[in-house]
C-alpha cells in the first residue's frame with residue numbers, strides 16, 4: 001500500500017489468448033504491467049520503498065511465481081515481449097508513457113496485438129484510463145491500403161516462421177484459412193474502421209464479438225460473419241481436443257475444407273480488395 005494514497009495504481013494488461021478471452025489448454029500468457037501515471041511517494045511498510053521500485057519488485061515477484069518449476073510443472077509460461085519497446089522496455093510502464101508509445105512509436109503489429117487486449121488486474125480508475133488509451137490508439141486514422149500491406153506482410157512472415165505443416169497437412173493456426181487468418185482479419189477491420197465506429201469496434205477484445213459488432217455497424221453481412229464465427233469455433237474446437245491429447249495442431253488437408261474456404265474468401269475480399277487484387 002502507498003503511504004500517501006488509498007489507490008494501488010498497479011495494473012496487468014492481458015494480450016493474446018488471455019486478452020481475447022480465448023485461453024486454450026496449452027496457451028502461454030502475454031502480459032504487460034502498467035502503473036498509474038505520475039504516482040509519487042513510498043510504501044508504508046517497515047522498509048519504505050519508492051513507488052516505482054515497489055511496482056518493479058511486484059512485477060518480478062509475479063513473474064517468479066508463474067515461472068517457478070514445481071513437481072507439477074510450470075503454472076504458465078509468461079511472455080512479456082509485448083510491453084513498449086519489447087525486452088528493452090520498462091518492466092512496469094507508466095500509463096502516460098504507454099499511451100505515448102502506442103500513439104507515436106508502435107508498429108502496426110503492436111496495434112494488431114492491442115485489439116486483443118484488456119486490463120485484467122487494476123482498480124476502476126485504472127481500468128477506465130486503460131480503456132480510453134486503448135480506444136484512442138485503435139481509432140487512429142489509417143490508410144486502408146497501407147494497413148492491408150502491413151497486415152499481409154506480417155501474416156506472411158509469421159506463416160513462414162511458424163508453420164509446421166508438411167505435404168497433405170493443415171496447420172490449425174498457421175495454414176491458409178486457419179485461426180490466425182481469422183484473427184488478422186478481425187484486427188484489420190478494427191484498425192481500418194475503428195475511426196468510423198469507435199464505440200462498437202473497440203469495445204471487445206475477442207474475435208466472436210468483434211465480428212458481431214462489425215455486423216451491427218454494417219461492415220459485414222450477417223451471413224459472412226456467421227461463416228467466420230462457425231469456422232473459428234470449429235477450428236478452435238479441434239485445436240482444444242488435440243491439445244488435451246498432447247498432439248500437435250495438425251489435421252489431414254482433407255478436413256475442415258468448407259470452413260477454410262469461408263475464411264480464405266473473406267480474407268481475399270477484405271485484404272485482397274484493398275491491394276487491388278480482386
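The values are calculated or read from the model by the stated rules, or taken from the named source; none is laboratory data. The shown structure was predicted, so the numbers you read here are calculated from the model rather than taken from an experiment. So basically every Cβ, Gly included, is an ideal-geometry build from the backbone, and we count neighbours across all protein chains shown.
Brief remarks on what is shown
- Residue satisfying all of: in the range 159-179; in a helix (DSSP H, G or I) and at pLDDT below 95; nearest to residue 111 (Cα to Cα) among these: 159
- If you filter the range 190-207 down to residues that are in a loop (DSSP other than H, G, I, E, B) and either within 21 Å of residue 148 (Cα to Cα) or in the same structural domain as residue 24 (by TED's automatic domain parsing) (or both), you find that the one that is farthest from the chain's Cα centre (by Cα) is 196.
- Residues that are touching a residue at least 24 places away in the same chain (Cβ under 8 Å) and over 15 Å from the mean Cα position of the chain (by Cα) within the range 134-151 comprise 136, 139, 140, 141, 142, 144, 145, 147, 148, 149, 150, listed in sequence order.
- So residue 210, is it under 26 Å from residue 137 (Cα atoms), at pLDDT 95 or above, in contact with a helix residue (DSSP H, G or I) (Cβ under 6 Å, 6 or more places away or on another chain) and in the same structural domain as residue 269 (by TED's automatic domain parsing): yes
- Filter result for the condition that a residue is within 19 Å of residue 266 (Cα to Cα) and not assigned by TED's automatic domain parsing to the domain that holds residue 236, over 112, 187, 174, 128: 112
- Among the numbered conditions (1) within 27 Å of residue 93 (Cα to Cα); (2) out of contact with any helix residue (DSSP H, G or I) (no Cβ under 8 Å at 6 or more places or on another chain); (3) part of a helix (DSSP H, G or I), the only one that residue 156 does not meet is (1).
- Residue 17 vs. criteria surrounded by fewer than 20 Cβ atoms within 10 Å (Cβ to Cβ) and either within 21 Å of residue 243 (Cβ to Cβ) or touching a residue at least 40 places away in the same chain (Cβ under 8 Å) (or both): yes
Residues are listed down the side, and each one gets a yes or a no for (1) loosely packed, with under 15 Cβ neighbours inside 10 Å; (2) closer than 28 Å to residue 268 by Cβ; (3) outside the structural domain of residue 59 (by TED's automatic domain parsing):
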position	(1), (2), (3)
116	no, yes, no
124	yes, no, no
134	no, no, no
170	no, yes, yes
178	no, yes, yes
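- Those residues of the range 1-36 which are modelled with pLDDT under 95, within 23 Å of residue 186 (Cα to Cα), part of a loop (DSSP other than H, G, I, E, B) and touching a strand residue (DSSP E or B) at 6+ places or on another chain (Cβ under 9 Å), in sequence order: 21, 23, 28
- Selected residue (only one of 182, 235, 264 is closer than 26 Å to residue 133 by Cα and either at pLDDT below 95 or assigned to a helix (DSSP H, G or I) (or both)): 182
- Among the residues of the range 86-104, just one is touching a helix residue (DSSP H, G or I) at 6+ places or on another chain (Cβ under 6 Å) and part of a strand (DSSP E or B), namely 92.
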